[in-house]
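Each reported figure results from applying straightforward, stated rules to the coordinates on display, with no laboratory input. Not measured: the values here are computed from a predicted model. Every residue, glycine among them, receives a Cβ derived from its backbone with ideal geometry; neighbour counts consider all protein chains shown.
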Amino acid sequence: MPDLPNDIDRLREIDNAHHLHPFTDHKALQAGRVRVITRAEGVWLWDGDGNRILDGMSGLWCVNVGYSQPSLVEAAARQMTLLPYYNTFFSSTTPPAAALSERLAAIAPPGMSRVFYASSGSEAVDSALRMARVFWQLQGKPEKRIIVSREYGYHGSTMAGASAGGMRDMHRQAGDLPDFLQVATPYAYRDAGALSPHDFGLQAARSFEALIEEVGAERIAAFIGEPIQGAGGVIIPPDSYWPEIQRICRAHDILLIADEVICGFGRLGKMFGSISYGIEPDLMTTAKGITSGYIPLSAVFVGDRVAKTFIEEGGEFYHGFTYSGHPVACAVALANLDIIEGQDLPAAAERQGVKLRAALDEALAGHPLVGEIRGRGLIGAIELVEDRDAHRFFPGSRKVGTTCRDFSIAEGVMMRACRDTMVFAPPLIISDDEVGEMASRAARAIDRTWASLQTA
């Protein structure tokens, strides 16, 4: 391995001079001090200043099995030695790609026996959207092109993914592709008011049916949604929501795409969020946890109805990537699944998630800044609000979430701010002691945020 600079200040200089970061205010970063992460183990990160940080975000929702798992490193090294790369064009496959396809089909929701590979969640979403539109062309209904998603939905940052998502700032910067529309999100804390969770879930879902009546089912190709919305602020739907969305899709012959890029591979307490919520998707996008982030890989699970149409009527599908089914990535995914299944990490996520929320409830009971603590499995959120009783949010100009994020890192726990909602998704291997440590550090960060607001 080539020698890398080990002078942390020199690395910062190099980074500032040459590296444009994703989702970053570059002017602010240049004026500040980039954090150099140097190593990781289990649920812990170390930076170049010697700080030890509990990674409450699993990198970017992805390091499900934790850092420094030897079997994943060994799987990559073995495959690199044997066959470091070949494509899956030209009627070709590789042993890891074929074996992983069988393995994924075995754990998929019912009726999904085929997969299409890419390298990122954004690419998986693009692939699923294209599949949806091509499917309807093959059915003789090319006018079915509209993709419907939700406010605060996140489906990647390519042009198609950003257009499908419901993030206003992304729409504002890049503009929208045609034939993408959004409906209401099931954000109960903000919108339910006096409605019961059941009734609110139905109300939120039926905003989709109202849109269908407005634009016509004959123009809508698919509805895409995350089982739990991650980057939108960990928005957890009432139990009535997904069955009603599924009913609406079936009643109007609209494809249902479950975006499992964050929820998949154990995070919600089942292997997939679709299983947790009883969703029967036509297409299902995955990435992140498929390799626990050790190497890029994504997979679109294709329902039998769509796959049969493509195989029997489709001819050539003019879509794919240089790294579709990359043999090293697929080998790592197989080793990753060995850990997830062998250690029953979905059950661990359910168990440890209950403990983490209980620890946060205890540490933050009655806190004037905390409106709600919510979660399922090992994904959750702490809603920071100006008025707990009225569910009133702070003005965006106060930047409460950003302030709390910075205090969190200073306290040695990595959480993410989505608006003023602090979200978390630690590795599924987190121990009881680490659960307690995470809750304590998060509570201290929120205390410091509250104190700073009193003096502002």
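For the pair His26 and His319 in one chain, pulling the backbone fully straight at 0.36 nm per residue adds 102.1 nm over the alpha carbon distance. The distance linking region 308-335 with region 156-196 is 29 Å (Cα centroid to Cα centroid, whole angstrom).
Candidate cross-link partners of Lys270 among the lysines, defined by an alpha-carbon separation under 25 Å and a same-chain spacing of 8 or more, comprise Lys288, Lys355.
Put a dot 7 Å past the Cα of Ser71, heading toward its Cβ, do the same for Val215, and the two dots end up 4.5 nm apart.
The Cα-based radius of gyration of region 71-342, divided by its Kirkwood radius, gives an Rg/Rh of 0.97. Label separation (Glu143 vs Arg78): 5.5 nm, computed from points 7 Å beyond Cα along the C-beta direction.
Quick one: which residues, 5 or more positions from Asn64 or on another chain, have an amide H under 5 Å from its amide H? H modelled 1.01 Å from N in the peptide plane, none for Pro or chain starts. Here Ser292 satisfy the definition. Can you tell me how region 8-108 classifies by the Cα gyration tensor, rounded, prolate or oblate, using a/c under 1.5 as the rounded cut? Cα axes put region 8-108 in the prolate bin. Phi angles across region 303-316 convert, under the Karplus curve 6.51 cos²θ - 1.76 cosθ + 1.60 with θ = phi - 60°, into 3J(HN,Hα) values of x, 4, 4, 5, 4, 4, 5, 4, 5, 8, 10, x, x, 6 Hz, Gly and Pro given as x. For Thr38, the residues whose modelled amide H falls within less than 5 Å of its own, excluding neighbours fewer than 5 places apart on the same chain, are Trp46, Asp47, Gly48. Sorted largest first, the principal axis extents computed over the alpha-carbon atoms of the chain equal 65, 60, 42 Å. Quick one: in region 220-353, what % of C-alpha pairs are over 26 Å apart? Across region 220-353, Cα pairs with separations above 26 Å total 29 percent.
Using the Karplus relation 6.51 cos²θ - 1.76 cosθ + 1.60 with θ = phi - 60°, the per-residue 3J(HN,Hα) values for region 91-105 come to 6, 10, 9, 10, x, x, 5, 5, 5, 5, 4, 5, 5, 5, 4 Hz, with x marking Gly and Pro.
Is the C-alpha gyration tensor of region 146-303 telling us rounded, prolate or oblate? Criteria: a/c under 1.5 is rounded; beyond that, a/b larger than b/c is prolate, otherwise oblate. Taking the square roots of the gyration eigenvalues as a ≥ b ≥ c, region 146-303 is rounded.
Taking a ≥ b ≥ c as the square roots of the eigenvalues of the Cα gyration tensor of region 115-175, is the shape rounded (a/c under 1.5), prolate (a/b larger than b/c) or oblate? Verdict is oblate for region 115-175. Other residues within the sphere of radius under 9 Å centred on the Cβ of Ala160, judged by their own Cβ, net out at 0 (K and R +1, D and E -1). For the chain, excluding the exposed loop sites themselves (GluC sites (Glu not before Pro), DSSP loop, at most 13 other Cβ atoms within 10 Å), the longest remaining stretch covers 144-315.
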